[in-house]
1. Can you name the number of the only condition in (1) over 20 Å from Ala11 (Cα atoms); (2) over 19 Å from the mean Cα position of the chain (by Cα); (3) open to solvent by 100 Å² or more (accessible area, probe 1.4 Å) that Leu69 fails?
2. Taking into account only those residues within the range 24-45 that are exposed (fewer than 11 other Cβ atoms within 10 Å of the Cβ) and modelled with pLDDT of 95 or more, which is nearest to Gly73 (Cα to Cα)?
3. Does Ser79 satisfy the criteria of being modelled with pLDDT under 95, surrounded by fewer than 16 Cβ atoms within 10 Å (Cβ to Cβ), of a type in the set (Ser, Thr, Tyr) and under 22 Å from Ala26 (Cα atoms)?
4. What's the number of the only condition in (1) open to solvent by 60 Å² or more (accessible area, probe 1.4 Å); (2) in contact with a helix residue (DSSP H, G or I) (Cβ under 8 Å, 6 or more places away or on another chain); (3) within 28 Å of Val19 (Cα to Cα) that Gly125 fails to meet?
5. Wholly within the range 1-78, which helices (runs of 4 or more DSSP H) include no fewer than the required count, namely at least 1 residues that are touching a residue at least 12 places away in the same chain (Cβ under 8 Å)?
6. Taking the condition of being farther than 30 Å from Gly24 by Cα and open to solvent by 50 Å² or more (accessible area, probe 1.4 Å), how many residues in the range 82-107 meet it?
7. Which numbered condition in (1) free of Cβ contacts under 8 Å to residues at least 40 places away in the same chain; (2) of a type in the set (Ser, Thr, Tyr); (3) open to solvent by 50 Å² or more (accessible area, probe 1.4 Å) is the only one that Ser110 fails?
Amino acid sequence: MNWIYWSLLSALFAGVTAVLAKIGVAGVDSNLATAIRTAVILVFTWAIACVTAPPSALRNLPPRTWMFLVLSGLATGLSWLCYFRALQLGQASRVAPVDKLSVAFVILFSALFLGERLTLARGAGGLLIMAGAIILALE
């Protein structure tokens, strides 16, 4: 499978996640709910990594890789904490589209920090995502 299939599966599971999380966060502290979800993800992903990656892979990671993966993990944790709090306070059908503004941020940050070209199609797509998120949030 190429990247498009994995991306579509990611979107599908993210959609399911929003609905399940909205139900699961009802009546529970959003930070506790995030911690429970994160513990499940931790066990699940380590199990997959242990089955698919050789044991030496962990030892051979360069310090730069560690640094950026740790920073990415911290950003993910902050994102999840904010997302679960937003789900607790708002409707999933409004929270999830606003959360997907991350796509517009990725387009911008990819151009600024990764040297990816900001094409007319990417710019227009990012603006359409922003417009859609605003329309759905202000419904």
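The values are calculated or read from the model by the stated rules, or taken from the named source; none is laboratory data. Since the structure is predicted, the reported quantities are computational estimates derived from the model, not experimental observations. We place every Cβ from the backbone using ideal geometry, glycine too, and count neighbours over all the protein chains shown. These area figures cover heavy atoms from the full protein model, side chains too; ligands, DNA and RNA do not enter into them. Shrake-Rupley method; radii C 1.70, N 1.55, O 1.52, S 1.80 Å.
1. (2)
2. Leu42
3. It is false that Ser79 is modelled with pLDDT under 95, surrounded by fewer than 16 Cβ atoms within 10 Å (Cβ to Cβ), of a type in the set (Ser, Thr, Tyr) and under 22 Å from Ala26 (Cα atoms).
4. Of everything listed in (1) open to solvent by 60 Å² or more (accessible area, probe 1.4 Å); (2) in contact with a helix residue (DSSP H, G or I) (Cβ under 8 Å, 6 or more places away or on another chain); (3) within 28 Å of Val19 (Cα to Cα), Gly125 misses just condition (1).
5. Output list reads 3-24, 30-52.
6. Selection size over the range 82-107: 0.
7. Status for Ser110: all satisfied but (3).
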